[in-house]
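Step one of this worksheet: look at the structure below.
The values are calculated or read from the model by the stated rules, or taken from the named source; none is laboratory data. Being a predicted model, the structure only gives us computed values, none of them experimental. With ideal geometry, Cβ positions are generated from the backbone for all residues, glycine too; neighbour counts draw on all protein chains shown. Each accessible area value is taken on the protein alone, full model and side chains, heavy atoms only, with ligands, DNA and RNA left out. Shrake-Rupley method; radii C 1.70, N 1.55, O 1.52, S 1.80 Å.
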Amino acid sequence: MSETARDRILERLRGAPRQEAPSPDAPAPAAAGPDRAARVARLKSLMEAMRAEVHVLPAAEWIARLKEVLGARAIKTLLYAPATDLGSAVAAAWQPDAAGLPELVAYAEPVESFKERLFGVDAALTTAAGAVADTGALILRPTGAEPRLMSLVPPVHIAVLRADTVYPSLGDAMREGRWAEGMPSNLLLISGPSKTADIELILAFGVHGPKELVVLILE
């Protein structure tokens, strides 16, 4: 484009009448979200629709329910994170009554030396950092003490979730959890067992992750 042609175009643009874009209306105040019982009920319903198994129970009963879940599946080995509060509670509960319970396998070494053992366990127990009720998804925040592989490799993934961390929406979870103050390097939303579909849209479970997801929601 010649200098003269460019100048003419720019001149026409400068001389064109300006139109101010309308200002958007102020957002309406957010409506009160559903109460905790309603959020938990919706989360449970949506996750069960995606083939997750969900138990809502008093916090004091979760160890007993965990043993029932493991016994019903004849689980022989349970992977846990010993450096977490959840892992400490499980280890303490197993000490006085280990007979008939699965062997506890601690994830306490680098994956390079732990890989063979990791891919041989039957189930893993992890903490859920929260959940989103309107989409039916758990929030997992893997850490060095509780790595992502714990919820990815074993055939059965058991997640423990506090009912007071079930948020109405992802936005609520981000605000109330103050994610902006410390974003993790890896954050997961899990709605059910691993699933995939072929070209004929036939679902297959457990191809790229756990075949079963069990959620214990603690009131």
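Note on segment 83-97: residues that are in contact (Cβ under 8 Å) with a residue 12 or more places away in the chain, open to solvent by less than 50 Å² (accessible area, probe 1.4 Å) and not polar (S, T, N, Q) total 6.
You will find that of V132, V69, V56, V90, the residue that is closer than 15 Å to V156 by Cα and not polar (S, T, N, Q) is V69 and no other.
Give segment 1-22 a look and list any residue that's open to solvent by less than 100 Å² (accessible area, probe 1.4 Å) and modelled with pLDDT of 60 or more, or say none. Reasoning before the result, please.
First, the residues of segment 1-22 that are open to solvent by less than 100 Å² (accessible area, probe 1.4 Å): 2, 4-5, 7, 9-10, 15-16, 21.
Once the filter is applied, which keeps residues that are open to solvent by less than 100 Å² (accessible area, probe 1.4 Å) and modelled with pLDDT of 60 or more, segment 1-22 yields S2, T4, A5, D7, I9, L10, G15, A16.
Mind checking which strands (runs of 3 or more DSSP E) fall wholly inside segment 46-135 and carry at least 1 residues that are of a type in the set (D, E) and out of contact with any Cys (no Cβ under 9 Å at 6 or more places or on another chain)?
Correct list: 53-57, 103-106.
Please state which one of S45, S88 is polar (S, T, N, Q) and under 30 Å from E109 (Cβ atoms). Within the list S45, S88, the selection yields S88.
Restricting attention to segment 153-195, the residues that are among the aliphatic types (A, V, I, L, M), part of a helix (DSSP H, G or I) and open to solvent by less than 60 Å² (accessible area, probe 1.4 Å) add up to 2.
One line per residue, one yes/no per condition, for (1) within 19 Å of G144 (Cα to Cα); (2) acidic (D, E); (3) touching a strand residue (DSSP E or B) at 6+ places or on another chain (Cβ under 6 Å); (4) buried (at least 17 other Cβ atoms within 10 Å of the Cβ):
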site	(1), (2), (3), (4)
G71	no, no, no, no
A99	no, no, no, no
P102	no, no, yes, yes
P110	yes, no, no, no
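Reported count of residues in segment 161-209, each being at pLDDT below 90 and of a type in the set (S, T, Y), is 3.
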